1. By average Cβ neighbour count within 10 Å, what is the ranking of 231-244, 59-72 from highest down?
2. Could you name the lysines in cross-link range of Lys292, using Cα to Cα under 16 Å and dropping any fewer than eight places away on the same chain?
3. Roughly speaking, what is the centre-to-centre gap between region 37-107 and region 231-262 when only Cα atoms are used, to the nearest Å?
4. Angle check, please: helix 257-273 long axis (alpha carbons) against the longest principal axis of the chain (alpha carbons), in degrees 0 to 90, nearest 10.
5. In whole Hz and in residue order, list the ³J(HN,Hα) couplings for region 105-112 that follow from phi through the Karplus curve 6.51 cos²θ - 1.76 cosθ + 1.60, θ = phi - 60°; x for Gly and Pro.
6. Quickly estimate the mean residue ellipticity at 222 nm for the chain, helices only: each DSSP H run with n ≥ 4 gives -39500 (n - 2.57), and the total goes over all residues, rounded to 500.
7. Between helix 279-293 and the chain, what is the angle of the helix's C-alpha long axis to the longest principal axis, kept within 0 to 90° and rounded to the nearest 10?
8. Going by the alpha-carbon gyration tensor, a ≥ b ≥ c the square roots of its eigenvalues, is region 110-255 rounded (a/c under 1.5) or, if a/c is not under 1.5, prolate (a/b greater than b/c) versus oblate?
Amino acid sequence: MSKRQAINVFGLIGRNVDYSWSPLIHNTAFQALGLPCVYTIFNIAAPELVGDALNGSRALGISGFNVTIPYKKTVVPFLDELSAEAEAIGAVNTIVNDHGRLKGHNTDIAGFAAPLVPLAERIHGKPVCIFGNGGAALAAVEAFRLHFRPSSVRLMVRNPKKAEAMLEGYAHRELVEPRLTSELDGPSGKTLLGECCVIVNATPIGTAGRDDAIRSVVPPGRNLLHEGQIVYDMVYHPLETPLLAEARAAGATTISGIEMLIGQAARSFFIWTGQQMPVETVRNTVLAEIEKSGAA
């Protein structure tokens, strides 16, 4: 890359997300392909600042963004256009700046689905369970609907109003069965979770550095997980969360959030650049860095 060449700037919009591996992922890919691009983090302290940030990106010519917790829905009113996937769930995790016109995409759907594809036959016609009430949870619902055809999606939430807010405007809400996490503490908890062939954590619980880093979304000591289940944690820092450790001990198949992270990043990368991300190079670089940092 020439030192005089203009550099395209991309970044991650979120709050307190300095732990993210996204800069390493995208900068590794840019460097591998020799693209004049750089990726950084934009921490936005409060939702009321999101509009100002996006308007500023138009003026500054920032090329694009990923969007993470808690702003995947917050950004939507400030965009000029949405892709079909983003429109379907009302949440955006990828933004393209096309000469001042901002278009929102959702690559979480494809990224979430990717590691489950080899297991699709185990999922068809059976109930699945998702913990969470935000954009990532809804992306998982849509991914299950589009690619895996479960009999139902049990949405585990602490507050039913948040479940209703998440599902507002979603065209396929008949697939979703909101349930309270408090039910897991009762006699029906084992059946409620045990019948599900896939259990997904779409909350930040278990993320390193948080107050709830040592917690799992599944109540401890109840033996609610079992062999034959697929347990998928969207949290990727650390690679093995408390939920995944419990699932592995129970004999379940486990999927780390790093798989979704790289999957959705590869799709974002293609949307921004028109080129395929060198996924194996990226994966090897990220795993080596995680091992070096002790984050695994």
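Every read-out reported here was derived from the displayed coordinates using simple, explicitly stated rules and does not represent laboratory data. Computed from a predicted model, the values in this text were never measured in an experiment. Methodologically, a virtual Cβ is constructed for each residue, glycine included, from the backbone with ideal geometry; neighbour enumeration extends over all protein chains shown.
1. Ranked from most to least packed, the peptides come out as 231-244, 59-72.
2. Counting by Cα, and skipping residues close in sequence, Lys292 has no lysines nearby.
3. 28
4. Tilt relative to the chain: about 30 degrees.
5. Using θ = phi - 60°, the values come out as 10, 10, 9, 4, 4, 5, x, 5 Hz.
6. Details: 11 runs with 106 residues, N = 296.
Calculated mean residue ellipticity at 222 nm is -10500 deg cm²/dmol.
7. Helix 279-293 sits at roughly 70 degrees to that axis.
8. Rounded, because the longest to shortest axis ratio a/c is under 1.5.
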